[in-house]
Amino acid sequence: MIEVPVTNNTEKFNSATNSLVSTTKEPLGGKLKLIFGIFGVLSVIGIISLILKITTLGFDAKSGWGYYAAVVSLLLGVFGTAPMVAIAPTIAKADWHRPVSRIATMFTLAGISTSILAIPLIFALPPLVVDGIRRRSIWFDANIYTPHVFFGIAVIGLFLVGLGLLWVTSIPDMAIMRDHSSGWKQRLGKSLSRGFVGTEGQWISLRARIGMMGTFYFMFLIFVHIIYSICFSLELVAGWKDAIYPMYHAATGIQSGVATVIIGLFLFRKYWKLEDHIGIDQFWALSKLMFATTIFWFYFFICAFMIFWYGKSAINEMTIAILVNGPYMPVFIGTLLLSFIVPWWIIIWNPVRYSPWMLSVVATIVLIGSLLDRIRLYVISWQVYSDEMIHKRYIPLDEIPENMIAPSIFDIGIFIGFVSLGIFAILLATRFIPVVSIWERHQSILLTRHIKFHRTEVYAVGKPD
Amino acid sequence: MQQRRQLDEKQINRELLNGNLETPKWYYPVMGVLGVGVLIGFATILYMFNRGLGVTGLARPVYWGLFITTFVFWVGISHAGIMISAILRLTQAEWRRPVTRAAELLTVFSLLTALFFPLMHAGRPWRIAYWLIPYDWARGIWPNVRSPLFWDPIAIGTYLTGSTLFLFVALIPDLAILRDRTTGIKKTIYSMLALGWRGNPRQWQLQVVAGILLSALMLPIFVSVHSIVSWDFAVTPAVEGWHSTIFAPYFVIGAVHSGVSAVVTMMCLMRWLWKWNNYIRPEHFDALARLLIIVATAWLAFTFLELIFSLYGRDAPEIALRELQIFTWPWNLIFITFLLTGYVIPVGCWLFKRCRNNIAIMFWTSILVNVGMWLERFLIIVPGLARKQVFVYTWEGYWPSPVEWIILVWSFAWVSFLMLLFARFFPLVPLFEAKESQVFTTEMKVGRATVPMVIRE
Amino acid sequence: MVAEKQSKFKWGMAIDIDKCTGCQACVLACQSENNIPINTEDNFKDARGIEWIRVERYWEGEFPNVKAKFIPILCMHCDNAPCEPVCPVYASYHTVEGLNVQVYNRCVGTRYCANGCPYLVRFFNYWEPEWPESLQNQLNPDVTVRSRGIMEKCTMCIQRIRRGTRKAKRGNNEVMDGDISPACVQACPTEAMVFGNQKDPNSKINKMKNDKRSYTLLDHLKTNSNVWYLAKVDEDVDSHSKEGGH
Amino acid sequence: MSKISILGLYDNPDSAADALDALSESGFDSNNFDVLTGTPYPEGAFGEHVPQHRLFRFPLFGAIVGLTLSVFLTSTTQIVYPLITGGKPILSIFAMLVIMYEMTMLSAVITTVIGILFESRLPNISMNVYDTRITEGLIGVSLVCTSDKKETAERALNGAGAMEIKSSGR
């Protein structure tokens, strides 16, 4: 057994604290104000587009809501599932997650745009009873507005739980802000850290709370994905019966979440000068996650497709026409390329997985692929919906529309605006919350060592329970 | 968490080879009992071949019954090996080390057993070679690549070949240890099998890389095998209860659930039979039980999605099927038993740390899981066929005949027999992994506390 | 698909439910024509009886206004037959004449086709078939006796089709509508069943299948079956009655 | 001049590492000596020459072979015997996909295993001297040299504190 020398880490701790606390001050100098301004303006444009869309379109023109629903779905994936990158490795006790977890968790703040966007969509969703007849629904005989209410609660709940998760995981950092800064930051840190001084009891309860909040967030997330995917697309297409679809939705959501975290990590690392804290290991581990989720996209897709293709019944043929070779076939091919083939082929090469910027390019491709995927799924669902058709056993092939519809100018405004709103919320938060969690950084300083092993040097990781 | 236990190589050799270098006292009696079971089983199979499939309980429209259930069950169990050795190897979980070999072995033997069942359930098993290989070239016809039943042997063959090779590659260093500990004819055989292993850095490096590379290659096969098995069922639009898109991942996660539970059962037995208390420790059970909680919960979620979507269409035959499956005697009893044993009781136990660390409790709960998982397959296959489409004129039930039950029991005896036979000649716990774990773990002092450390290169 | 166009024939059947009395003559005719083992009471109790064609009976209405409805069900010889692609050994495939045939010699008895079939018209030989001494000489020499362990099903009396086409060829004639008829069609006392070539534009079956009463069973599965049913005419109920494709 | 093989046995990794250093100093080529252990040690733990392997080429090669073979097999068996089943196209690409996938993986696994054996130079039938105690925890340093250098080698091995030195000619 190799002796591990006892080292004094105080110096490392202090330098980590100082450099990370200073990131909340002026990482970019004057440019930061400009960036804030741009995202702020874009967010305002998004909100204006939203209001205009509601006033000009109304809730009855269902086919006009397809792109809107696709954007909500995309944001549920991009912003909603990003914290899973922090939660899952924490539960699995992987040691690489420590510098990543804060950035991933901060995306819960961007959930504000999902929550705002989701509420108008609830009004556009047709009730469970259409023309006096109950339509097919996973809510069976429940009250006719059950999905509306449940989805509203779930989306807001997801946002609140996310905020809770962010707060719980940053309590020790709040205490650090209280001790190492001045002015409003100090006051805010004091009130948010709730008297955290780092006693053993406080750490134990902190860990328990993080575990609970993480699990809770995960369950909420899966719940939201299941409800959203079923109620806002699958149920609108008469005859579409696809049990794997909610899981497909969640898995692809996680794929886009991982992509978001990679891009976020890359940008923060580069422009906030965090090279000391975020290593290549993190990108390496994230690339593996990305690889796995990319393969999941194809797996879940082929699971459904194979059944439909082989089954060949009228319902199956209709489903394939809607999802694959119907009017949205070009979009589907784009998805297949950008969500699976291209990222998969790039990411199997080891050098790519070591290179942050290459990985970010792949992540961007994946995000575009996710957008196309959501367009393919949601726009047609809202396009084929009609009050007469919904009660049929299935939609006959000749009733499926021949052309895809184009997004309106408001849809584009909403998409850009609300993505910006999410980013704006995160940028605002970085003025106060360090983008790399200081306490977890300390933990990794404490628990990882380069030690001498006979004639070589090895890297040892402590695994406390 | 791993408690560190300082063991030197001599002690590891002595303790882990205790079943190979000498025969344990219980060995022959146990093998005798199992051997009788195996013989009875083979006699029953021959009887069935001789008389025809009329001796089973199969009847229209339930053309597939216990045999296919058991086939799916054993293929499910076979997912233990790669789940444990590949996924845990890739995620660098230290606690996988003592379990990998046994899990891979279970994969190989359960696949071998699983292959018997489609063979047996065929009407003319002596012509089955034709299904796999076109033995009669003059006929000018090849197997139908569009048939899921042709995908099956290809997928299972791939998985079996891959697992066997994986098992062998990881066995080479241990064969070298056995070669060094034996004499005479045994030494010659072990020497030949060990391929002249010397243990130089090149060989060790390749051994480590091989583990990772083969795991990465086996993982996609592992997922595809049970997906393909599930597609046997899911592609048929005629059977409403089968034609579901969720089947592939649902079967895979169910297979992982039952496979990992089977590994737990096996670990308990290994600990009791060979007294490997230094290697198979409560924390291993703890870690596996935690993994199982997650797997089981995901599996339950899939079960409910499947159920919800079967009722979602509001089709009469589908509702009739679920009525049979959930509310009609005796299926309601089976359904309740399946839920209780497959999820509620085991997961309820595993939530408590005390149960996770108690080997007897882990043993019984893991057996319960597999009872539940067998019933699950039975519940999917048989009622699905019994209530096929709207032709109420031909709704029939099915209950297995004694011949089928005997063959079911035989399959368990057969797998155990093969496992014990293997354990007599080869070590079940990988010795070099146990030694590697001694080298690659250390501990550090943080204040007064001692924190175990893992060395990464 | 290309091969199918080359053939002059595409066989099909139409059954007028309105004319069906449920007399079971077709069942009996099929039984004796095709060397099907005798279905004893025990066979039926085990649900192992083999009936290539069966007459399903549905009661409708409450007593005393009860109506019996009969529907003969045989292999639909679907163009998109779910039973065909699942067979690993091509024992079940589609001929160029539009028939779904079972090649006994290839069959290994996986019974997968029977699971794929939504109409439940495929049968498995659990035992070696046996006939009482008195019936030994009754067996049809044109039809193979199926050994145990293989699937069998309605062939549309392919032996009669072959004989008919051969005869026409020998005499350099065209096969005329009504020249060929399977045993069940021949035996039907009310002429409810009609067999014919769908590629012959003047054939009776073409007229029947284009009738406004015509439907196919389980058409939502889009099996494209080649057996058409003509719905029962019933003042009380609309034309698409319960036994039809649901 | 005949070649001989010499084996020095050590009971701890540090003296084995010293022995390697001593052998290098005595002018032996590092390709000719080797450390034998019963346990995998981290790479370079004895200051040995870290071997390079090209294992990753094998599965790639295997995958390409398997894919080609399966594409050929599945497409020709369908095209040459065009039996229509269930209205599916004669060339059913999605059904072929399954078999192509499995065969690709199978041949990748097989070539990987061949690659592993090849790259770790197994089976090894050389008669170099060996000691069974290596699998019991001792560390062996083995060396192949011409017989006239035997003395130098033994001196180097002894200098590092060898428990025992074995040698054999061949």
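With charges only on Cβ, +1 for K and R and -1 for D and E, what is the dipole size of the protein assembly as shown about its Cα centre, in debye, rounded to 20?
Once rounded to the nearest 20, the dipole reads 1340 debye.
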Exposure rule at most 13 other beta-carbon atoms within 10 Å, DSSP loop trypsin sites (Lys or Arg not before Pro): chain C longest free segment: C:9-211
For the range A:297-430, Kirkwood radius (reciprocal of mean inverse C-alpha pair distance, Å): 17.3
By the Cα gyration tensor axes a ≥ b ≥ c (a/c under 1.5 gives rounded; else a/b larger than b/c gives prolate, otherwise oblate), the shape of chain C is rounded
GluC sites (Glu not before Pro) restricted to the range A:387-447 and DSSP loop, no more than 10 other C-beta within 10 Å: A:Glu388, A:Glu402
Using DSSP to define loop residues, name the chymotrypsin sites (Phe, Trp or Tyr not before Pro) in the range B:17-89 whose beta-carbon has at most 15 other beta-carbon atoms within 10 Å. B:Trp26
Report, in order of residue number, the helices in chain D meeting two criteria: a C-alpha extent of 20 Å or more along the helix axis, and a mean Kyte-Doolittle hydropathy of at least 1.6; treat each whole DSSP H run as one helix. D:93-119
The convex hull of the Cα atoms of the range C:1-52, divided by residue count, gives a volume in Å³ per residue of 161
Length-normalised contact order for the range B:272-412 - Cα pairs under 8 Å, 6+ apart - percent: 27
Using just the C-alpha positions of the protein assembly as shown as equal point scatterers, what log10 of I(q)/I(0) does the Debye formula give at each q in 0.05, 0.06, 0.08 1/Å? -0.44, -0.62, -1.05
So for chain B, using the alpha carbon gyration tensor with a ≥ b ≥ c as root eigenvalues (a/c under 1.5 gives rounded; past that, a/b versus b/c decides prolate or oblate), I'd call it prolate
Chain pair C, B: how much accessible area is buried, both chains summed, with a 1.4 Å probe, in Å² to 100? 4200
Chains A and B: accessible area buried, summed over both chains, 1.4 Å probe, nearest 100 Å², reads 4200
Looking only at Cβ-Cβ distances, which cysteines of chain B have no other cysteine closer than 4.7 Å? B:Cys268
How much net charge surrounds A:His450 when only the other residues with a Cβ under 12 Å from the Cβ of A:His450 are counted, with Lys and Arg +1 and Asp and Glu -1? +1
Excluding residues fewer than 8 positions from A:Lys452 in its own chain, the lysines with Cα under 29 Å of it are A:Lys12, A:Lys93, A:Lys288, A:Lys463, B:Lys10, B:Lys435, B:Lys445
Given a 1.4 angstrom probe, what's the average accessible area per residue across the range A:244-338, in square angstrom? 29
Would you rank B:Arg354, A:Arg134, A:Arg207 by solvent-accessible area, highest first, keeping every protein chain in place and using a 1.4 Å probe? B:Arg354, A:Arg207, A:Arg134
Normalise the Cα radius of gyration of chain A by 2.2 N^0.38 Å (N = residues in it) and let me know the number. 1.04
Heavy-atom accessible area of the range B:308-457 with neighbours in place, 1.4 angstrom probe: carbon+sulfur share in percent works out to 72
Spin-label model distance (nm) - C:Asn105 vs A:Ile341, 7 Å beyond Cα toward Cβ: 4.4
The range A:153-178 versus the range A:47-111: alpha-carbon centroid distance in Å: 16
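If I take R0 = 35 Å and measure r between the Cβ atoms of D:Leu69 and A:Asn350 in this structure, what FRET efficiency does the formula 1/(1 + (r/R0)^6) give, to the nearest 0.05? Don't jump to the answer; show the numbers that get you there.
Values: r = 27 Å, r/R0 = 0.78.
Working from the Cβ atoms, E equals 0.80.
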The range D:124-143 residues near the modelled D:Glu154 label - backbone nitrogen below 17 Å, point 7 Å along Cα→Cβ: D:129-130, D:141-143
Rounded if a/c is under 1.5, else prolate if a/b is larger than b/c, else oblate: which is the range C:1-140, with a ≥ b ≥ c the root eigenvalues of its Cα gyration tensor? oblate
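For the range C:1-96, which GluC sites (Glu not before Pro) are both in a DSSP coil and crowded by at most 11 other Cβ atoms within 10 Å? If you can, show how the numbers build up before the last one.
Working: sites: C:Glu4, C:Glu33, C:Glu41, C:Glu51, C:Glu56, C:Glu60, C:Glu62; in loops: C:Glu51, C:Glu62.
Here the sparse-neighbourhood loop sites are C:Glu62.
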Kindly count the pairs of lysines across chain D whose alpha carbons are less than 29 Å apart, treating pairs on different chains or eight or more residues apart as eligible. 5
What do you get for the angle between helix B:359-386 and the principal long axis of chain B? Use alpha-carbon atoms, 0 to 90 degrees, nearest ten. 30
Counting other chain Cβ atoms within 10 Å of each Cβ in A:4-10 and taking the mean gives 2
Buried accessible area, chains D and B (both chains, 1.4 Å probe, Å² to nearest 100): 5300
Sites B:Tyr27 and B:Lys186 - FRET efficiency at Förster radius 22 Å, r taken between beta-carbons, to 0.05: 0.85
For chain B, dividing by residue count, accessible area per residue (probe 1.4 Å) in Å² works out to 32
Treating cross-link reach as a plain straight distance, find the lysines whose alpha-carbon is under 18 Å from the alpha-carbon of C:Lys169, omitting any fewer than eight places away in the same chain. C:Lys8, C:Lys10, C:Lys199
Roughly how many percent of the accessible protein surface of chain A is carbon and sulfur, given a 1.4 Å probe and a whole-percent answer? 69
Quick one: which of B:220-230, A:377-387 comes out on top by average Cβ neighbours within 10 Å, and what's the full order, highest first? B:220-230, A:377-387
Can you tell me the accessible area per residue over chain D, all protein chains present, probe 1.4 angstrom, in square angstrom? 45
What net charge is computed for the residues neighbouring A:Ile348, neighbours being all others with C-beta under 15 Å from the C-beta of A:Ile348, Lys and Arg scored +1, Asp and Glu -1? +3
Full-stretch length increase - A:Ser205, A:Val44 - with 0.36 nm per residue and alpha-carbon distance subtracted: 53.9 nm
At each listed q (0.11, 0.15 Å⁻¹), what is the log10 of I(q)/I(0) that the Debye formula gives for the range D:77-170 modelled as equal alpha-carbon point scatterers? -0.59, -0.81
Apply 1/(1 + (r/R0)^6) to the Cβ-Cβ distance of B:Phe327 and C:Asn39, taking R0 = 25 Å, and write down the FRET efficiency to the nearest 0.05. 0.15
Accessible surface of the range C:107-246 [probe 1.4 Å, protein heavy atoms]: carbon and sulfur percent: 48
Chain A: angle of helix A:200-232 to the longest principal axis, Cα-based, in degrees nearest 10: 20
In degrees from 0 to 90, rounded to the nearest 10, what is the angle of the helix B:148-181 Cα long axis to the longest principal axis of chain B? 20
C:Thr190 versus A:Thr7, label points 7 Å from Cα toward the beta carbon: distance in nm? 9.5
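The values are calculated or read from the model by the stated rules, or taken from the named source; none is laboratory data. Because the structure is a prediction, the values reported are computed rather than measured. Because the Cβ atoms are built from the backbone with ideal geometry, glycine has one as well, and the counts that use them run over all protein chains shown. Note: areas computed on protein heavy atoms with side chains; ligands, DNA, RNA excluded. Shrake-Rupley method; radii C 1.70, N 1.55, O 1.52, S 1.80 Å.
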